[in-house]
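The structure appears right after this line, and notes come after that.
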Amino acid sequence: MQLKHIKTLLTPQDGAAKVTCMAWAPNNSRFAVCTVDRVVLLYDEHGERRDKFSTKPLDPKYGKQSYVVNDMVFSPDSTKIAIGQSDNIIYVYRIGEDWGDKKAICNKFVQTSAVTRLLWPAESAIVYGLVDGKVRLANTQTNKSSTIYTTESCVVSLASNVSGKGVLSGHADGTVVRYFFDDQGSGESQGKLLTHPCPPYALAWGANSIMAGGCDKKVVAYSKEGQILQNFDYSRDRSEREFTTAVTSPSGQSVVFGSFDRLRVFSWAPRRSVWDEAKPKEITNLYTITSLAWKKDGSRLCAGTLCGAVELFDCCLRRTIYKNKFEMTYVGLSQVIVRNLSTGTRVVLKSYYGYEIEEVKIMGKDRYLVAHTSDTLLLGDLLTNKLSEVPWQGSGGNEKFSFENETVCMIFNAGELSLVEYSNNEILGSVRTEFMNPHLISVRINERKQRGVEDNKKLAYLIDLKTIAIVDLAGGYNMGTISHDSKTDWLELNETGRKLLFRDKKLRLHLYNIESGVKTTLLSFCSYVQWVPGSDVVVAQDRGNICIWYSIDSPESITMFPIK
């Protein structure tokens, strides 16, 4: 992972003016900084300052100097900010979706002691730590708080796993405690996980390991069950000071630790199952780094300092230009940002299983993404921003892809056709067929709403040149098989998937009613045929006429126009 300085968002002051906390919005559009004077500054994704608002004390009679903001976090929908304060309160501000929207307090949670750390993993649940050692949950819908667990030592750090379903809390006595809302079948233990030699102010939960650092100038990597994996000891380095803060990349593959004048970058090497340390980023006169925040798409890292500076860094493993049309930024082993150079639109391609993305291709008139990992296949539609990751065992890259249908990708591999619906992470269906011509396959996925039909997903394909099969993909069963006396050269389902048109090599046009199983011959000679989009009207051409069926339920009702 390489860090490259882009710009200074906030200039440093002459004395101590600590940046107390920072946060990126989950939708990547906003970045918030809280300064020593308890004002929250809001920046856009390019680092331009667009808005600000002041925080307030628990009680105005104590005055504006009576508290500090210890932490803040955006809501999952990016429209609210929770502020944790030393005067025993959490305020939740609604900041709206647009710049300049009115800021209003929508929740407040009064506590028994100072709030030290905040996380907002789920829609209405804020997890926070207190000086008295409690880790609690605030529900923004009911406006009530409850204790998750209690310890005897002040909470100095909180970290969540990549999915946001698990929480780690670091305490002043060195204890690290783990709690899961949902362990997602991992079977990992809950409760006290390990005891770090010093207070773990810098605590990070990566995809495969936990890392902790503190005032002893050491960074220790622990396994998922708390055993020591690696020890990075800088205690003999005279220029090194204590580790004050740490942040994990959104993919969980990289961790950055902040200390005095220095950012240390660690990257997970999946093949060797160890952390590798990259060359540290050293910036003289930066002073102690007090806060770190990583943009949710993985492309930017912000560092706040003791002197009030906020520095913006670009993060990437490598960059490539594809066909002079797209820029691909590998921000992690399992995460790639694809940017269209002409329009500036971006798509974040990410393996949710943490697999390393090997190569990204853009196919189908520069609209569709295809990427392989060791065990999965990533597919995406750049126009609609719908992405899928399906299990896929390596086949040497011999697959052939068809993007004729806008809602589904067709993959041909070793005599098998697999269908993947964009934004669905499971293969929709697989059938055996040797015929890859898009005119010999017809897929209809919820194209026209029908009363009483929720999921309408149908496929028609050739078993052999004289046999057509029709499959219900949602139910996973065969709806019918049509045997014909001549070879088929074209077929297409209507949008509701109830009727099938097909033409044979003798240019005869046939209609098959899937529900009744009745086959009707429409024309004995047909040079062109098509369903009219958005309807069940058929237009065809015989030798000297344009033929139109306005009501396909009555195939004998045909309107003909002579043509030259």
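The values are calculated or read from the model by the stated rules, or taken from the named source; none is laboratory data. If you're wondering where the values come from, they're calculated on a predicted model, not measured in any experiment. Cβ sites come from the backbone with ideal geometry, for glycine too, and all protein chains shown count toward neighbours. Heavy atoms of the whole protein, side chains included, go into the accessibility calculation; ligands, DNA and RNA do not. Shrake-Rupley method; radii C 1.70, N 1.55, O 1.52, S 1.80 Å.
Taking a probe of 1.4 Å, how large is the accessible area per residue of the chain, in Å²?
For the chain, the solvent-accessible area averages 45 Å² per residue.
Under a cut-off of 23 Å between alpha-carbon atoms, report the lysines in cross-link reach of residue 564, not counting same-chain residues fewer than 8 places apart.
Residue 564 reaches 506.
Using just the Cα positions, wrap region 279-326 in a convex hull and report its mean projected area in square nanometres, one decimal place.
That works out to 4.7 nm².
Long-range amide H contacts for residue 89: which residues qualify at under 5 Å (H placed 1.01 Å from N, peptide plane, sequence gap of 5 or more or a different chain)?
Answer set, sorted by chain and number: 111, 115.
Non-local amide H neighbours of residue 157 (under 5 Å, H modeled in plane, Pro and chain starts lacking H): which ones?
Placed amide hydrogens put 170 under 5 Å from residue 157.
At a Cα cut-off below 13 Å, give the aspartates and glutamates reachable from residue 281, other chains included and same-chain residues fewer than 8 away excluded.
240, 261, 311, 314
For the chain, what % of the accessible area comes from carbon and sulfur atoms, probe 1.4 Å?
Ligands and nucleic acids excluded, carbon and sulfur reach 47 percent.
Which links in 400/466; 165/224; 7/323 stretch past 19 Å when you go from one Cα to the other?
Over 19 Å apart, Cα to Cα: 400/466; 7/323.
What aspartates and glutamates sit close enough to residue 449 to cross-link, taking a C-alpha to C-alpha distance under 14 Å and skipping anything fewer than 8 places away on the same chain?
In chain and number order, the partners are 495, 536.
Can you flag which of 103/350; 102/295; 458/487 are past 27 Å Cα-Cα?
103/350
With a 10 Å radius around each residue's Cβ, average the other Cβ atoms per peptide and rank 121-133, 512-524, highest first.
Final packing ranking: 121-133, 512-524.
Based on C-alpha coordinates, I'd like the Rg and Dmax of region 427-564, in Å.
When restricted to Cα atoms, region 427-564 yields Rg and Dmax of 14.8, 48 Å.
Given that just one value was derived from the coordinates, which of (1) 28.1, 83; (2) 29.8, 94; (3) 25.5, 81 is Rg and Dmax of the Cα atoms in Å?
Given (1) 28.1, 83; (2) 29.8, 94; (3) 25.5, 81, the structure-derived one carries the label (2).
List every residue whose amide H lies under 5 Å from the amide H of residue 525, counting only residues 5 or more places away in sequence or on a different chain, with H placed 1.01 Å from N in the peptide plane.
The list, which skips near neighbours in sequence, is 509.
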